[in-house]
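The values are calculated or read from the model by the stated rules, or taken from the named source; none is laboratory data. Quick caveat: nothing in here was measured; it's all calculated off a predicted structure. Every residue, glycine among them, receives a Cβ derived from its backbone with ideal geometry; neighbour counts consider all protein chains shown.
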Amino acid sequence: MSAKPDIPVWRPMGVTPAPSTRREQMPTLIVGAGPVGLTIALDLAQRGHHVTIVNRLDFVSAGSKAICFAKRTLDIWDRLGVGADIVAKGVIWETGKVFWGDRPDPIYQFDLLPVKNQKMPAFVNIQQYHVETILIDALSAYKNVDIRWGHSVRDIAVGEAGAKVHVAVGDTEYFVDADWVIACDGARSTVRTTMGLDFEGRVFEDNFLIADIKMKGERPSERWFWFDPPFNPGQSALLHKQPDDVWRLDFQLGWGIDREAAVKPENVEPYVRAMLGDDVVFEPEWYSIYTFQCRRMSRFVHGPVIFAGDAAHLVSPFGARGCNGGVADADNLCWKLDLILSGKAPPALLESYNTEAIAAADENIRHSSRSTDFMSPKSTPAIALRDAVLQLASRHPFARPMVNSGRLSTAVSYSASPLSTADEDDDWLGVPPGTPALDGPLGDGWLLGQVGTEFSLLTNGIDFAGLKNLDLSASPILCERFDLSPGAACLVRPDQVVAARWRHPDQSKIEAAQRRACGITP
């Protein structure tokens, strides 16, 4: 096993032998077997496409990575058949509490799932290595998926009809001619680097200590965040529960620190005991220091090479927008690539992935930057403003939305999507075009489970040819959520995003909206 000393191993996979030929041709090559790459592979495999993944490590790594997965991500994984396993293994939570100073009680708390009667919870905490294991096991059922462990990309040459990828495994080298390459190889993306591409944005001058510890005890499954706590004065701290008696403790340390010394057990232990009590019994799971960025590539699509997840954009971990944003990339991309590979849409449809995924990344970067500025004020006036907001929030609900301890990930609306058809009427409520559909009870199941992976039409008492029709007239909850009056209809894309809606639809309007959503202009 080719493990590195600074990367802990969760599940050994073993090096996949080199292919028998030094030159291969394939439709789709995915670089990186993290949650984003594996999600893309599972989605494309279920749509009938052959997918190859290369991953430089030959194991699933443990350590301090993503743990907090939002409802939209859970909805996506549920559509792919792995949502139930992830929820069953994870820790469900919907309540967040905000503490300030030495006050023992929170200054306020909030509910992260204000719209009830949905299948998936607001958030599930589960270690990334558990998610990857569940996805890998799901992919093992598909003969059209080839995961190559211990295979590293060395170089890539981009042409008009595809890309030539130079891959190495051990002392053996080979080349892949791929119609499409999807780079999901993380913040230090080899694909991005070899193509001479880079990020734009901010690097924040701050350091944070992640202490994943194992301890017994009954504590609520909630997100606890502290501003200026007595156990970390002048800084911030965060507490999350994970499966298997593992807890994530996060401490802001400031900029001028000795990073190597900060992760030594004798230096971490005082922080843990100060937060949880001198008598707490715990075992260290993994300690690490991170300095984060809020940056992205200027474009995510470069001919036949498509970037997704951390390879395309980076945000702070506060708000759980990193991996959740990457899974949203996967969801946005796969149905479009499916239509292109199947000859049902032009390659130009991928420009809408570039547009929509960048819009989502910009929203996540904006929220992450604002949360960092609020959590880490760098001047006396900024500190005074933050403290004034916290003081108001402790007594007045109107001030609580101004508190930014990491605005937690929610489904992003592509409000300016070129694939959406504008409303004909201006009196709509409900879910607007460009926004993911809300779940709700329908018959013996749930709406999102019945929408499927093709274009669908949500209606109230009417039926149209050529599409899957779901009549919501028997579900007052759903009719209200989508604002579907009798005779109205709503077109939903294969990624369960609303594409268009009408008070008085007809066949020609529906067909035109579907063509537009497929990137086919009149």
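Things to note:
- Contact map, the range 125-147: first residue free of Cβ contacts under 8 Å to residues at least 24 places away in the same chain, second residue in a helix (DSSP H, G or I) and crowded, with 21+ Cβ neighbours inside 10 Å, Cβ cut-off under 8 Å, separation 6 or more or different chains; the map is empty.
- Members of the range 42-63 found to be small (Gly, Ala, Ser) and in contact with a helix residue (DSSP H, G or I) (Cβ under 6 Å, 6 or more places away or on another chain), listed by number: Ala62
- Of all the listed residues (Arg154, Arg202, Arg192), the sole one being at pLDDT 95 or above and within 24 Å of the chain's Cα centre (by Cα) is Arg192.
- Residues being under 23 Å from Gly309 (Cβ atoms) and assigned to a loop (DSSP other than H, G, I, E, B) - total across the range 156-194: 6
- For the range 50-107, filtering for residues that are of a type in the set (D, E, K, R), in contact with a strand residue (DSSP E or B) (Cβ under 7 Å, 6 or more places away or on another chain) and over 21 Å from Pro494 (Cβ atoms) leaves 4.
- Filter pass, Arg395 being out of contact with any helix residue (DSSP H, G or I) (no Cβ under 8 Å at 6 or more places or on another chain), in a loop (DSSP other than H, G, I, E, B) and without any contact (Cβ under 8 Å) to a residue 12 or more places away in the chain: yes
- Filtered residues of the range 166-181 (kept if of a type outside the set (Gly, Ala, Ser) and modelled with pLDDT of 95 or more): His166, Val167, Val169, Thr172, Glu173, Tyr174, Phe175, Val176, Asp177, Asp179, Trp180, Val181
- Qualifying residue in the range 416-428 (condition: under 26 Å from the mean Cα position of the chain (by Cα), in a loop (DSSP other than H, G, I, E, B), at negative phi and surrounded by fewer than 17 Cβ atoms within 10 Å (Cβ to Cβ)): yes
- Qualifying residue in the range 459-477 (condition: outside the structural domain of Asp78 (by TED's automatic domain parsing) and within 19 Å of Asp75 (Cα to Cα)): yes
- Taking the range 447-461 as the range and being surrounded by 15 or more Cβ atoms within 10 Å (Cβ to Cβ) and touching a strand residue (DSSP E or B) at 6+ places or on another chain (Cβ under 8 Å) as the test, the residues that pass are Leu447, Val451, Phe455, Ser456, Leu457, Leu458, Thr459, Asn460, Gly461.
- Screening the candidates Val280, Val305, Val327 for the property of being touching a helix residue (DSSP H, G or I) at 6+ places or on another chain (Cβ under 9 Å), assigned by TED's automatic domain parsing to the domain that holds Gln128 and surrounded by fewer than 24 Cβ atoms within 10 Å (Cβ to Cβ) yields one hit, Val305.
- Against the list (1) in contact with a helix residue (DSSP H, G or I) (Cβ under 8 Å, 6 or more places away or on another chain); (2) in a helix (DSSP H, G or I), the condition Ala345 fails is (2).
- Between Ser316, Ser376, the distinction of being within 19 Å of the chain's Cα centre (by Cα), at negative phi and hydroxyl-bearing (Ser, Thr, Tyr) belongs to Ser316 only.
- For Gln109: the one exception among (1) buried (at least 20 other Cβ atoms within 10 Å of the Cβ); (2) closer than 25 Å to Leu209 by Cα; (3) out of contact with any Phe, Trp or Tyr (no Cβ under 9 Å at 6 or more places or on another chain): (1)
- Candidate set: the range 502-516, residues that are among the small types (Gly, Ala, Ser) and touching a residue at least 60 places away in the same chain (Cβ under 8 Å); chosen: the one surrounded by the fewest Cβ atoms within 10 Å (Cβ to Cβ): Ala512
- Close pairs from the range 9-32: first under 22 Å from Ile182 (Cα atoms), partner basic (Lys, Arg), Cβ under 8 Å, at least 6 apart: Thr16/Arg148
- Hey, Ala320 small (Gly, Ala, Ser) and at pLDDT 95 or above or not: no
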